[in-house]
Every structure is written in structure tokens, then in C-alpha cells.
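Undergrad: Questions regarding the structure given below will be posed in turn.
The values are calculated or read from the model by the stated rules, or taken from the named source; none is laboratory data. Quick caveat: nothing in here was measured; it's all calculated off a predicted structure. Quick reminder, even Gly has a Cβ in these numbers, built from the backbone with ideal geometry, and neighbours come from all protein chains shown. Heads up: the accessible areas ignore ligands, DNA and RNA and are worked out on the full protein's heavy atoms, side chains in. Shrake-Rupley method; radii C 1.70, N 1.55, O 1.52, S 1.80 Å.
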Amino acid sequence: MRTDPARCFGSIVAGLGVGGALAITGWFAIGPDHIIYAVVVQCGFLLMALLAGPAVVDVARSRYQVANIEPRIYTLLGAEVVRRVLDGVGWNRVIKQMRQSEGGESGVAGFLRGTEQSETGHLLGAAATVALAITAVSTHHPLGAVQVLALGLVLHGYPIMIQRIVRARITQRRTHRYRTTH
């Protein structure tokens with residue numbers, strides 16, 4: 001699934017622009033200590049992740065390798081529970097349809113690529129969340145920082161963990177199948 005560089009650049013600029021604009025505008029219009037600000041800014045960061053994440057997915061390929069211990073840790077932190085909730089409300093079905101309609105790679109390779117794109121997007125959102133929380137604390141808005149971080153953990157931290165669990169399961173199955181057939 002390769003796209004032209006201009007389109008990738010446009011997605012990155014649009015994503016960062018929307019996320020940044022909502023963070024800055026909301027800061028002055030709503031105020032960083034209001035819970036509505038945390039919701040608005042995280043919606044902007046989710047849109048930023050959706051637009052910019054797939055465009056920058058190939059920056060660090062080794063980052064996508066999942067250590068054997070990671071899925072156990074993420075499960076202990078509740079990522080499996082969150083994944084089941086997302087299954088229950090139908091969110092994962094929507095994501096699966098989006099990935100299938102994008103074209104490009106098919107089957108397991110396309111699904112793995114989708115997990116990488118999603119993880120990258122949510123990492124961008126998490127980085128923006130941390131940067132905004134640092135800004136809030138440094139400008140004497142600790143309540144705003146806590147609200148933004150808490151919501152960011154749910155909207156970015158858990159999806160990152162889920163993508164890594166899924167990718168670990170798929171790669172373990174592929175490795176197991178390869179070993180049994182060769």
C-alpha cells in the first residue's frame with residue numbers, strides 16, 4: 001500500500017494542523033482545566049492519528065517487533081478487556097472494514113500493516129498528549145494535565161497495547177506454521 005509522497009505529506013500536514021489547531025484554540029476558548037477541553041483535544045489527536053499515522057508508518061520498522069513479554073504485561077494492564085469492549089460495541093468491525101476498503105496488501109500482510117499504521121497513529125496522539133500535558137503543568141494547570149493524560153491513556157495507550165497484542169499473536173501463528181511446514 002504505497003501512496004505518492006505529496007498525498008502522504010498532505011495527510012501529515014492536515015493531521016498535525018487539526019490536532020494542533022484544536023489544542024491551541026481550545027486552550028483559549030475552553031480553558032485547559034475544563035474536562036470538555038480534554039475531550040475536544042483528544043478528538044483532535046485521534047483525527048491527527050488517523051490522518052498522519054499511516055503516512056509515517058515506515059519510519060522505524062524495528063519498532064513494530066513485539067517482545068514475548070509485552071502481550072502478558074498489556075493483558076495485566078487491561079488491554080484485553082478494552083479490546084473485548086471494542087468488539088462488543090462494534091468498533092473493531094468498523095476498523096476491519098476500513099482496512100479492507102483501503103486496498104493494497106491483502107490477508108495477513110495487510111492486516112499486520114494495518115496494526116502498524118494504527119499503532120503509529122496512536123503513538124503520534126500519545127506524543128501530542130504528553131507534550132500538551134507538559135505544557136499544562138508548566139503553565140500551572142495540573143488538573144488540565146491530569147485530564148488530558150487520563151483520556152489520552154484510554155484513547156491512545158490502550159489501542160497501542162491492543163495493536164501490539166494482535167501483532168504478536170499473528171506473528172507467533174505465522175512462525176509456528178512456518179516451522180511445522182518446513
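Undergrad: Out of the range 65-76, which residues are more than 14 Å from Gln172 (Cβ to Cβ) and surrounded by fewer than 14 Cβ atoms within 10 Å (Cβ to Cβ)?
TA: Ile73, Leu76
For every residue, the table says whether it meets (1) surrounded by 17 or more Cβ atoms within 10 Å (Cβ to Cβ); (2) modelled with pLDDT under 95; (3) touching a Cys at 6+ places or on another chain (Cβ under 9 Å).
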site	(1), (2), (3)
Thr120	yes, yes, no
Leu123	yes, yes, no
Leu132	yes, no, no
Ser138	no, no, no
Val146	no, no, no
Arg169	no, yes, no
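Undergrad: Moving on. Any residue in the range 137-163 that is over 21 Å from Leu47 (Cα atoms) sitting within a Cβ distance under 7 Å of a residue that is assigned to a helix (DSSP H, G or I) and open to solvent by less than 80 Å² (accessible area, probe 1.4 Å)? List the pairs, counting only those 6 or more apart or interchain.
TA: Close Cβ pairs (under 7 Å, with a partner that is assigned to a helix (DSSP H, G or I) and open to solvent by less than 80 Å² (accessible area, probe 1.4 Å)) amount to Val137/Ala145.
Undergrad: Does the range 134-151 hold any residues that are over 18 Å from Ala21 (Cβ atoms) and hydrophobic (A, V, I, L, M, F, W, C), and which are they?
TA: Across the range 134-151, the qualifying residues are Ile134, Val137, Leu143, Ala145, Val146, Leu149, Ala150, Leu151.
Undergrad: To continue, here is another question. With the structure loaded, tell me whether Ala136 is of a type in the set (A, V, I, L, M, F, W, C) and within 25 Å of Tyr37 (Cβ to Cβ) or whether it fails that test.
TA: Judged against the criteria, Ala136 is a match.
Undergrad: Scan the range 35-56 and give yes if some residue there is modelled with pLDDT of 95 or more and either hydroxyl-bearing (Ser, Thr, Tyr) or in a loop (DSSP other than H, G, I, E, B) (or both), otherwise no.
TA: yes
Undergrad: Return the only residue of Gln97, Gln163 being open to solvent by 30 Å² or more (accessible area, probe 1.4 Å) and polar (S, T, N, Q).
TA: Unique residue meeting the criteria: Gln97.
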